[in-house]
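Peer 1: The structure follows.
The values are calculated or read from the model by the stated rules, or taken from the named source; none is laboratory data. This is a predicted model, so every value here is computed, not measured. Cβ placement follows ideal geometry from the backbone for every residue including glycine, while neighbour counts extend to all protein chains displayed.
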Amino acid sequence: MPRRKGAPEVNAGSMADIAFLLLIFFLVTTTIETDAGLDRMLPPIEPPDTDVVIRQKNIFTVNINKNGQLLVEDGLMDLKELRKAATAFLENNADGSCAYCKGKKDPASSDNPTKAIISLKNDRETKYSTYITVQNELVGAYNDLRNREAQRLYKQDFTVMEQDYLNPETPSSVRDDLKDKVKRIQDMFPQKLSEAETSTN
Amino acid sequence: MATFKNQTRHVPAISTASLPDIVFMLLFFFMTVTTMKDTDLFVENQLPSASEVSKLDKKDRVIQIYVGKPKAELLSRYGTEPLIQVGEKIVQMDALRTYLLEEISKRPEELRNYLTVSLKADKEVKVGIVTDIKKELQQLNLLKINYTSIEDPS
């Protein structure tokens, strides 16, 4: 038997299969992570030049104590009712200038959505998760109202429109169109959510 | 003419010898772009859940601040009080401003007015420390913040 010269050739036919297997594994496990959360604007540090007088009835005060209990407009409230109460306050429409509001026109509550302010106060010892849940409910109240108006005017949810508008992949022609619509809805219910200084006691 | 016909009768098999190369190229591409995790966390980071969230894309204009108790294995070193982690290090409240200024100056100039701060605070921390961070941010005129949370569609 003659001696073989060199090693026998390795069959590379299954190499592609192995590589595909690895490729599919990495394709599946890759997650391009995007974070999500509640967007808020902090108030600028310099006080406005003119003192603005806000009537007490236009302010919806929400107070969270360190045990996570809510004091809403001087009464204890359950977290589940907060959204409804905030919605009712925002579209109360006491002076009747808001044509699209469906509020009760209670003279003791807010004049119209552009004047209505929600003031959120919290204790330093409040748990962060409670704080976020309350913020979520308040943002939810705004989103509910905005969605309702967007559905009425454009047959589309405001949150969807806003997301499309902010998405850089949306074609610019669509974005320009959405810009005015989003702006209009935002002006109907401007988000005036004040985070006052936290109480220290 | 006859020889020409003979040639076209059998379609030659496509050589698949270069297929592994192509696939490996793709494989290496995905292996290099895959990042398993951005930063090593020294603090607990169980984000709270919220339903009315908006997406936070455009990573180039986001600064991340983590807040939470130190991880179990670091408790002996740092104690149990909540800490602030930025980038790969733990900072004290008074050093936060320096870090943020550094971070702002790293960003391209045209984006500096659009920076968003993503506050990734643990569920269990107290609001006090978050308030202190917010005051620092106000001082630096970083007013756009995002309370990063887990989307919970309920």
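Peer 1: Given B:E81, B:E110, which one is part of a helix (DSSP H, G or I) and either out of contact with any helix residue (DSSP H, G or I) (no Cβ under 6 Å at 6 or more places or on another chain) or within 14 Å of chain A (Cβ to nearest Cβ) (or both)?
Peer 2: B:E110
Peer 1: Taking the range A:129-154 on its own, how many of its residues are crowded, with 19+ Cβ neighbours inside 10 Å, more than 30 Å from B:K126 (Cα to Cα) and touching a Ser or Thr at 6+ places or on another chain (Cβ under 7 Å)?
Peer 2: Total satisfying the criteria: 1.
Peer 1: Continuing with this model, one more query. So B:I150 ticks every box in (1) closer than 22 Å to A:K127 by Cβ; (2) within 12 Å of chain A (Cβ to nearest Cβ); (3) buried (at least 18 other Cβ atoms within 10 Å of the Cβ); (4) in contact (Cβ under 8 Å) with a residue 40 or more places away in the chain but one. Which box is left unticked?
Peer 2: Condition not satisfied by B:I150: (3).
Peer 1: Which residue pairs have Cβ atoms under 6 Å apart, sit 6 or more places apart or on different chains, and have a first residue in the range B:43-56 that is within 9 Å of A:I132 (Cβ to Cβ) and more than 7 Å from chain A (Cβ to nearest Cβ) and a second that is in a loop (DSSP other than H, G, I, E, B) and among the acidic types (D, E)?
Peer 2: B:S49/B:D152
Peer 1: Still on this structure, please answer the following. Against the definition (within 14 Å of another protein chain (Cβ to nearest Cβ), of a type in the set (S, T, N, Q) and part of a loop (DSSP other than H, G, I, E, B)), how does A:N92 come out, yes or no?
Peer 2: No: the conditions fail for A:N92.
Peer 1: One residue is enough: does the range A:120-128 have a residue meeting the conditions at pLDDT 85 or above, assigned to a helix (DSSP H, G or I), within 14 Å of chain B (Cβ to nearest Cβ) and under 15 Å from the mean Cα position of the chain (by Cα)?
Peer 2: no
Residues checked against (1) more than 14 Å from chain B (Cβ to nearest Cβ); (2) in a loop (DSSP other than H, G, I, E, B); (3) acidic (D, E); (4) over 19 Å from B:P153 (Cβ atoms):
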site: A:P113; (1), (2), (3), (4): yes, yes, no, yes
site: A:V134; (1), (2), (3), (4): no, no, no, no
site: A:G140; (1), (2), (3), (4): no, no, no, no
site: A:L153; (1), (2), (3), (4): yes, no, no, yes
site: A:T159; (1), (2), (3), (4): no, no, no, no
site: A:D164; (1), (2), (3), (4): no, no, yes, no
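Peer 1: Further question on the same structure: Does the range A:69-78 contain any residue that is part of a strand (DSSP E or B), in contact with a Ser or Thr (Cβ under 6 Å, 6 or more places away or on another chain) and either surrounded by fewer than 16 Cβ atoms within 10 Å (Cβ to Cβ) or touching a residue at least 40 places away in the same chain (Cβ under 8 Å) (or both)?
Peer 2: No, the range A:69-78 has no match at all.
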